[in-house]
Amino acid sequence: GENVEQHPSTLSVQEGDSAVIKCTYSDSASNYFPWYKQELGKRPQLIIDIRSNVGEKKDQRIAVTLNKTAKHFSLHITETQPEDSAVYFCAASPNNNNDMRFGAGTRLTVKP
Amino acid sequence: EAGVTQSPTHLIKTRGQQATLRCSPISGHTSVYWYQQALGLGLQFLLWYDEGEERNRGNFPPRFSGRQFPNYSSELNVNALELEDSALYLCASTTGTLKGGRLASEQFFGPGTRLTVL
C-alpha cells in the first residue's frame with residue numbers, strides 16, 4: 001500500500017517569509033495529491049490539490065509542485081501570515097479510487 | 001448543504017468498555033473514512049467504507065470495527081477499550097469512486113469525537 005512521508009515535522013518562520021513542506025510517496029499508481037490545513041481544535045480542510053497531469057498549481061499565496069519521476073511533491077506558502085499557523089497534512093491516492101494515505105503532518109508556526 | 005456530522009462530540013469510557021461513534025456523510029457521498037488522531041500526531045487511517053462494504057482497513061487490531069448503513073452513515077465500534085485509545089476520531093466522506101470512472105477527490109471531514117479512556 002501507499003506510504004507517505006512528510007518533512008519537516010515542525011517549521012517556524014517569520015511573518016512574510018516563505019515556508020516549504022515536502023512529501024514523498026511510494027506507490028507509483030498515486031495520481032492525486034491533496035494538502036489539508038488543520039487549525040487548532042478544528043477539522044482538516046483542503047487548501048489545494050494537484051493531479052499527476054500537471055507539475056505545478058497555484059492559488060494566491062499557496063502553490064504545490066509535483067515531481068512524479070522522483071515521487072515527491074511540495075507545498076509552498078509565500079508571504080506567510082500568523083493565520084497560516086496550523087498543522088499541514090499531505091496525502092496521496094490513486095485516481096481510480098479514494099484509498100488516501102496521509103503524511104504525519106507539519107506544525108507550521110508563523111511568528112509576527 | 002450540511003457537512004459531515006459526528007456524534008457524540010465527547011465520550012468518556014473506562015478501560016475494558018466498548019465505545020460506539022457515529023458519522024453521517026454529506027448528502028450524496030457514499031464513501032466514509034475513519035481516522036484516529038492522537039494528541040499532536042497525524043491522521044492514522046482506520047477504516048474505509050464504500051457502498052456499504054468495507055474497502056480497506058489500517059493497521060489496527062480487530063477490536064476496532066465498524067459498518068456502513070444503507071443510508072451511507074457509518075458507525076465505528078471500539079471494544080475492550082485501552083488507555084491508548086484516547087484520541088480524536090475523525091470521520092470523512094467523499095463521492096464514491098468505484099463506479100463509472102470517477103476520479104479521486106477531496107475528503108470532507110467531520111468535527112470529530114473526542115474519546116477519553118480512563
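Based on the Kirkwood radius over alpha-carbon pairs, what value in µm²/s does the Stokes-Einstein equation return for the translational diffusion coefficient of the protein assembly as shown at 4 °C and 1.567 mPa s?
Numbers: Rh = 18.2 Å.
This corresponds to a translational diffusion coefficient of 71 µm²/s.
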Open item on the list: Taking the Cα of B:N71, stepping 7 Å toward and past its beta carbon, and measuring to each backbone N in region B:4-18: which are under 16 Å?
Closed with: B:4-8
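Under the definition of partner shielding as Cβ atoms of other protein chains within 10 Å of a residue Cβ, what is the mean value for peptide B:89-95? All intermediate terms of the calculation are to be shown ahead of the outcome.
Values: counts 0, 3, 1, 5, 0, 3, 1.
Shielding by partners across B:89-95 averages 2.
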Open item on the list: Give me the inter-chain shielding for A:71-79: mean count of other chain Cβ atoms within 10 Å, whole number please.
Closed with: 0
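Run the numbers on chain A and let me know its relative contact order in percent, using alpha-carbon pairs under 8 Å that are six or more apart. Provide the component values of the computation, followed by the final result.
Working: 284 pairs, mean separation 42.0, N = 112.
In percent, rounded to a whole number, it is 37.
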- [ ] Pop a pseudo-label 7 angstrom from the Cα along the beta-carbon direction at both A:Q60 and B:A2 and give the gap in nm to one decimal.
- [x] 3.0
TODO: Taking 7 Å along the Cα-to-C-beta vector as the label spot, tell me the A:Q14-A:R107 distance in nanometres, rounded to one decimal.
DONE: 2.3
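Ranking request for peptides B:56-63, B:107-114: highest mean number of other beta-carbon atoms within 10 Å first, then the rest in descending order.
Numbers: B:56-63: 12.5, B:107-114: 20.9.
For the peptides B:56-63, B:107-114, the packing ranking is B:107-114, B:56-63.
Work through the residues other than A:R43 whose Cβ is under 15 Å from its Cβ and net out their charges, Lys, Arg +1 and Asp, Glu -1. Present the calculation step by step, with values, prior to reporting the outcome.
Details: positive: A:K37, A:K42, B:R114; negative: A:E39, B:E106.
Around A:R43, the surrounding residues sum to +1.
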Task: Cross-link table A:K71/A:K111; A:K68/A:K111; A:K37/A:K71; A:K22/B:K13; A:K42/A:K111, entries beyond 30 Å C-alpha to C-alpha - done: A:K71/A:K111; A:K68/A:K111; A:K22/B:K13
Task: Selected from A:A86, A:N67, A:P44, residue furthest toward positive end of dipole (region A:1-95; charges at beta carbon) - done: A:N67
Open item on the list: Let's test the formula: R0 of 41 Å, r as the Cβ-Cβ distance of A:N53 and B:T14. What FRET efficiency results, to the nearest 0.05?
Closed with: 0.20
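Coordinate-derived values only; no laboratory data. Just so it is clear, the model here is predicted, and its values are computed rather than measured. Methodologically, a virtual Cβ is constructed for each residue, glycine included, from the backbone with ideal geometry; neighbour enumeration extends over all protein chains shown.
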